[in-house]
Structures are given as structure tokens and as C-alpha cells.
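The values are calculated or read from the model by the stated rules, or taken from the named source; none is laboratory data. Since we're looking at a predicted model, the values are computed, not measured. All Cβ positions, even for glycine, are placed from backbone atoms using ideal geometry, and neighbour counts span all protein chains on display. Surface areas here come from the heavy atoms of the whole protein model, side chains and all, with no ligands, DNA or RNA. Shrake-Rupley method; radii C 1.70, N 1.55, O 1.52, S 1.80 Å.
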Amino acid sequence: MTSIRDLLSESVGVGERFRCRLEEREGTLVAEHPNDTSPMDIAVVEGLDRLAERPPAEPVTVEIVGRVVDGRIAGRVVDRESVDGNEHE
């Protein structure tokens, strides 16, 4: 039997990584969820120490983690684009 938790995990992509452009909303870095079926945007709350600026000027790779923060699915920064154009973990 499929649970509501399983359906939500699939639609928000828990464990998946997306390249996202971040913006600051009420003190939280937020990205629109790239999956149209997701009922929530992404609140980027982990891995912020990887960012040189907040919000970053360029998109970053965000991994979806399995919890909700302020009505949004939580995400963490897993890499960023450096000034020289190379990706860094």
C-alpha cells in the first residue's frame, strides 16, 4: 500500500539533486521547485557555508532532504559554481 508520505516523497524528489536559482524570502533562501508536480518550493537550509554570497548570483545544486521547513521542503547546497567556471563540492 502506498502511503501519503511515499507519494509526497516522490513528488518533491527526496534525495534528488536539482540545479536551482536561489532568492531570499523572509530571511530564508528559497528556490522554486523544478518539478511541476511538487506542491512545495525548496527552503535551502543546509550547506549554506558553501555559498560565497547570499543569495548566490548563479544557480547552485541543491539536494532535497526529507523534512519540511516553514511549509517548504528542505534542501541543502551540495555544490556551487566557482568564479573560474569549475564546479566544486
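Here are the numbers for the structure shown:
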read-out	value
Among (1) over 14 Å from residue 79 (Cα atoms); (2) crowded, with 18+ Cβ neighbours inside 10 Å - the single one residue 28 does not satisfy	(2)
Count of residues meeting criterion [of a type in the set (Lys, Arg) and open to solvent by less than 70 Å² (accessible area, probe 1.4 Å)] in segment 33-73	1
Any hit, segment 2-16, residues being assigned to a loop (DSSP other than H, G, I, E, B), open to solvent by 80 Å² or more (accessible area, probe 1.4 Å), modelled with pLDDT under 90 and not basic (Lys, Arg)	yes
